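Everything on this sheet refers to the single structure shown next.
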Amino acid sequence: MQAFDSDRRGGALPFVLLACLLLTALGARAAGPALPPDIGAGMLLFRTDAGFDQAAPLSTDVRIAVSGIVARVTVGQRFRNTGAEWTEAVYAFPLPDGAAVDRMSMRVGDRTVEGVIREKEQAERIYSEARESGQRASLVTETTPNLFTTSVANIAPGETIDVTIGYLDTARYDAGEFSLRFPMTLTPRYEPAKNAAAGTAPPPAPPSAPAPAEHVNEAALHVTLTPGVPVEEVVSRHHDVRVTRHDASYRVETASPTVAMDRDFVVAWRPRPGAAPTAAALTERVGDTSYALLMILPPADDRAFRAQPREVIYVVDTSGSMAGASMTQAKLALADALGRLSGGDRFNVFQFNSTTSSLYRLPTPWTAETHAQALRYVERLTADGGTEMAPAIQAALSQPVTPGYLRQVVFLTDGGVSNETELFRSIEHRLGDARLFTIGIGAAPNSYFMRKAARFGRGTYTHIGDANHVAERMEGLFAKLERVALTDVLVGWPDAVEYYPQKVPDLYAGEPIVVTASLAAATAGVRGAPLAAEVFGRVAGAPWSTSVTAVAAPSPGIAALWARRRIEFLIDSRVAGIDESVIRRAVTDTALEHGLVSPYTSLVAVDLTPARSEAAALARRAVGNMLPAGTVLAHLPQAATPAALLRWLGMMVLAAAALLWWPFMARR
């Protein structure tokens, strides 16, 4: 019996060794060829088993038309194959997280193919079949709410393909100024090790690295602005621009024909004193349903003032992605914030990267001595390591609350994380009566995370993209921290079918209510009919209400913006534990009805005429984005992947099997 067992073990061990070798090979396969450290943004890269080569430039043309507060944005991208092989280009690009992507066309020579919305799996299947059969095809998919990917198949050697993407967005109004942001790069996303090891982390984005001088990803930007109200000035926050006026419209263009895509483009306009709207209503009728977008400014009431001392918890991101200009801006902003506290306030400062630590164990009274200690602590902050944000949020929101104090948490980060839903869930479950205010640091913060974290935290989001704007932005933020304009807000619509957001957050000085609604067609009426809504809330604890009646000007695109808000609401319900299959079906139905790209739907375009013969090989190329301006590559942590783990597990099991097998072979 013993000999029989030995024979069985001896026969089985080679299979164990084979399995171990396969596991090790799978680890190497998962890793794939390492990305070259000098990969440039705006480059088409040919992927081979040995690595990447054959770079080619990419051009981008952006045209923005703003009417009132609604913007139609068209992004044209040109893919040119300078190599000697047929190729497939893959390009990830950022868009505003609230963008309603609804158009895509592909032009090759004189042929133009319009994209159609399909369920994601169907669109990917159509694209894959077209790619394999040699047809030119393009696919637009949503990776995250503010990160989209374009794939273009079968670009012939020397051939150029133009892909045009269209989306709708709304301007933001804050502190007396309208602004519209067009993202042009993205902050690399850190994947927490536990998620990646478990295989639940999302796939990494295409490469983002500083480009060599000869390969800079550039864009041409053209803005036509029809504000609908007299304006005092039209400016750009981070670029030199030329502004020319034509009757009631303005044309905005960058001073140079193209600009490097290493920072977000922001155009802003300030209404003349007294011209700022108290309400704006836009409608669109589709079939038997009318859709409305309503903006109402909060009341300017002197009774809304800070009635109790504050307990402010500052949390600053010191991970590797913050190295360079972002860390400088964060330290300036934090020092400015600490100087705005006063006697009677309490505070604490947390920092986080791969680990979390704090200045004090508990919130401490603000005095000249503790202020000086905090400034020294801030001055010593350096950026390095990973972005383990969840422990920092948990620690900050778990600080014991001092009775009689208004708890406010101020979070300074570039938001370079991929586990947003987990973080939103942590904020919602631990917030209590506190308010969370996010400050986006750097040239291209993850605006989706920043805005949504503030929404779940019932606070506001502020962006600081330049060290010169720190004092101005912090002054505006603290005006909000010190004065809540309206609480317990409700918006009443006559015969409203659905409106979003369903739960309106607290409103702060200078920020409006923006609500989208679907209504019975008879409610919104025909062109020129008044649109009425009731707004209720509390100002400094006292009841407040107003009736808003505005003449609704028909505006194409409102239905798509409402649908995007509905999709956002449905996806947010993950935080409440709603079943994923229920969310998927509802989002898919809404996206297909309104023709929008979503997590479950994609835009696909296929030229039915085959271009590449099946005998010709097809190479794949990734197109890298530029890193945000001021980012220091050496401090960026490596995003976790399971490849290394698989390799080590394979080698460890291989060694263990060899040790078990050796005594048996020695006896034989």
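The values are calculated or read from the model by the stated rules, or taken from the named source; none is laboratory data. Computed from a predicted model, the values in this text were never measured in an experiment. Ideal geometry is used to build each Cβ from the backbone, glycine not excepted, and the neighbour counts take in all protein chains shown.
Taken together, 452, 503 contain a single residue that is within 25 Å of residue 144 (Cβ to Cβ), at pLDDT 75 or above and crowded, with 20+ Cβ neighbours inside 10 Å, which is 452. The set of residues in the range 454-472 that are touching a residue at least 40 places away in the same chain (Cβ under 8 Å), in contact with a Phe, Trp or Tyr (Cβ under 7 Å, 6 or more places away or on another chain) and not in a loop (DSSP other than H, G, I, E, B) contains only 456.
When the range 441-463 is filtered for residues that are touching a helix residue (DSSP H, G or I) at 6+ places or on another chain (Cβ under 7 Å) and closer than 24 Å to residue 486 by Cβ, the ones remaining, listed by number, are 452, 453, 456, 457, 460, 461, 462. When residue 213 is tested against (1) modelled with pLDDT under 85; (2) closer than 19 Å to residue 169 by Cβ; (3) surrounded by fewer than 18 Cβ atoms within 10 Å (Cβ to Cβ), just one condition goes unmet, and that condition is (2). Residues in the range 425-436 that are surrounded by 20 or more Cβ atoms within 10 Å (Cβ to Cβ) and either modelled with pLDDT under 90 or on the phi > 0 side of the Ramachandran plot (or both): 2 in all. Candidates are the residues of the range 140-182 that are among the aromatic types (Phe, Trp, Tyr) and within 14 Å of residue 103 (Cα to Cα); the one that is modelled with the highest pLDDT is 167. Taking the criterion of being more than 22 Å from residue 342 (Cβ to Cβ) and assigned to a loop (DSSP other than H, G, I, E, B), the residues of the range 410-447 that qualify are 414, 415, 416, 418, 419, 431, 432, 442, 443, 444, 445, 446. Flag set for residue 167, criterion: surrounded by 21 or more Cβ atoms within 10 Å (Cβ to Cβ) and either under 30 Å from residue 475 (Cβ atoms) or under 21 Å from the mean Cα position of the chain (by Cα) (or both).
Take the conditions buried (at least 16 other Cβ atoms within 10 Å of the Cβ), at pLDDT below 70 and assigned to a strand (DSSP E or B) and apply them to residue 485. Does it pass? It is false that residue 485 is buried (at least 16 other Cβ atoms within 10 Å of the Cβ), at pLDDT below 70 and assigned to a strand (DSSP E or B).
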